[in-house]
Amino acid sequence: MRRLLFICFLLIFFFIPARAMAGGELQELIDAADDYETIVLENKVYEGNIVIEKPLIVTGEEETVIRGDGTGNVVTIESPDVHLEQLQIENSSFARGDGEEYSGIKVNTDGNSFRKLIITDSYHGIYLSQAHENIIDQVEIHGQKDQETIAGQGNGIQVYYSERNTLTDNYIEGTRDGMYFEYAHQNTISGNEISHTRYGLHYMYSDDNRFQDNSFTFNIGGAAVMHSSRNEFTGNKFSMNQSSRSFGFMLQASSENHLEGNQFLRNKRGLLVEQARGNYIYNNKFTQNDIGVEMWASSSQQTFTENKFYKNRSPVVQVGGESENSWTEAGRGNDWGSDFPLADLDQNGTGDFSVAYQSSLHQLLEENELSYLLLNSPSIAVYEKMNQWMNNQRTMFQDDFPLQNREVLPVMKYSALILVISGALLGVQRRRRSA
């Protein structure tokens with residue numbers, strides 16, 4: 001009896017993978033498989049434009065390729081509970097004449113997962129269309145990268161009318177937008193790296209998403225958040241987005257978003273705020289940007305507190321007129337770096353006097369967009385000095401409770417000590433003379 005059971009076990013164990021790895025067309029293997037079966041593909045090229053209409057697991061090896069014929073989607077998912085892993089997927093159609101936006105993987109269902117994939121030569125990499133609770137993890141998507149061809153290709157990951165999806169640890173480069181969200185709510189996006197795109201992240205009409213620990217470098221714009229509300233952006237890095245009108249992060253016509261613990265490094269503009277209302281910007285670091293924050297008059301009621309502004313060409317520029325925003329909350333302002341040394345005699349961590357920054361740079365930016373190309377030119381410093389001399393500057397911000405810059409705090413302490421000692425010695429000398 002035991003020998004019979006053992007023989008049955010061996011037949012079950014070896015027969016199913018052998019059938020899955022047998023030769024033949026990939027679509028035939030999929031159609032012949034049972035629900036929830038695992039298909040293990042070989043190290044070879046399989047013909048694409050396949051459709052999966054049943055719960056299934058499809059895995060490959062290091063050099064397993066599914067190659068489309070360039071006339072449609074390479075893989076179309078029409079069933080829930082489909083799992084793809086360790087595959088190379090390439091060559092979808094780039095045609096848009098019939099209204100279809102083709103993809104390496106087109107997903108129309110819920111509860112699927114896509115892991116350790118490499119997608120190339122596809123209009124969109126992965127397209128979630130009214131697809132919920134999917135997982136996209138450790139996927140590499142490579143576009144054509146050439147800036148001249150960006151407009152002719154799609155996005156790395158497109159999320160359309162889709163909710164509660166999780167996108168983690170993916171790498172995207174050279175697509176139009178790295179990730180594009182439209183009417184997509186309650187998604188979680190973390191640990192992704194995106195570079196050499198138009199916008200690394202593009203949100204349209206998408207609310208209540210969580211976006212954390214992602215990195216955006218060398219894009220035209222790091223993240224563009226438009227007509228979207230109540231999203232959380234924490235621990236992200238926006239760096240080296242440096243073309244003429246580039247930005248690390250843009251809030252446009254968006255409200256009640258929360259930005260915390262993000263880094264904005266060496267961007268043309270770290271944060272651009274336009275037609276936005278009621279956003280909360282807390283404990284972010286703006287370093288070596290041409291402009292730390294560019295605020296348009298159409299925006300109001302933003303709260304900036306406990307942010308760090310270090311070595312930016314201009315920490316804040318208000319364009320188009322003044323706007324009502326707050327630079328403090330509950331007696332806590334922002335750290336404006338060594339360019340704004342503070343006296344903090346009571347050592348409570350905030351300056352004894354308010355800090356105000358005046359500039360005339362807004363005039364140039366309002367009159368000519370080409371001025372952004374000159375932000376690092378010595379002529380800008382001359383322009384600012386001339387307007388300062390002519391009293392032709394405007395206040396860009398006033399922080400009534402600026403935070404003590406911890407980098408210069410020891411210097412301030414020693415300076416205060418020297419002043420006290422000098423005053424004491426001067427008093428001793430005066431008493432001796434009077435005696």
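Applying the criteria of a DSSP loop state and at most 16 other Cβ atoms within 10 Å to the GluC sites (Glu not before Pro) of region 184-274 yields E256. Rolling a 1.4 angstrom probe over the protein chains, ignoring ligands and nucleic acids, what is the accessible area of L403 in square angstrom, nearest 10? We get 20 Å² for L403. Per-residue Karplus couplings for region 304-317, computed as 6.51 cos²θ - 1.76 cosθ + 1.60 with θ equal to phi - 60°, are listed in order as 10, 8, 6, 7, 10, 10, 10, 6, 7, 4, 9, x, 9, 10 Hz, Gly and Pro entered as x.
With a cut-off of 13 Å between beta carbons, the residues surrounding N170 carry a summed charge of -4, where Lys and Arg count +1 and Asp and Glu -1. Each Lys or Arg adds one and each Asp or Glu subtracts one; over the other residues with Cβ under 12 Å from the Cβ of R230, this totals -3. Looking at this model, which pairs from K44/K237; K106/K285; K54/K116 are more than 30 angstrom apart at the alpha-carbon? Checking Cα-Cα distances, K44/K237; K106/K285 exceed 30 Å. Per residue, region 43-154 exposes 42 Å² of solvent-accessible protein surface, assessed with a 1.4 angstrom probe and all protein chains in place.
For the pair region 211-246 and region 154-205, the centres of their Cα atoms are 11 angstrom apart. Taking a quarter of the surface of the Cα convex hull of region 48-163 gives a mean projected area of 6.8 nm². Distance from the alpha carbon centroid of region 295-330 to that of region 20-92 works out to 51 angstrom. A cut-off of 5 Å between modelled amide H atoms, ignoring neighbours fewer than 5 places along the same chain, links Y357 with M396, F397.
Within region 247-367, antiparallel bridges make up roughly 5 percent of the DSSP beta bridges whose residues both belong there.
The ellipsoid that matches the Cα gyration tensor of region 180-291 has semi-axes, each √(5λ) in whole angstrom, of 19, 14, 13, with the longest given first.
The values are calculated or read from the model by the stated rules, or taken from the named source; none is laboratory data. Computed from a predicted structure; not experimentally measured. Neighbour counts are summed over all protein chains in view; Cβ atoms, including those assigned to glycine, are modelled from backbone coordinates with ideal geometry. Protein only, heavy atoms only, side chains kept; ligands, DNA and RNA dropped before computing areas. Shrake-Rupley method; radii C 1.70, N 1.55, O 1.52, S 1.80 Å.
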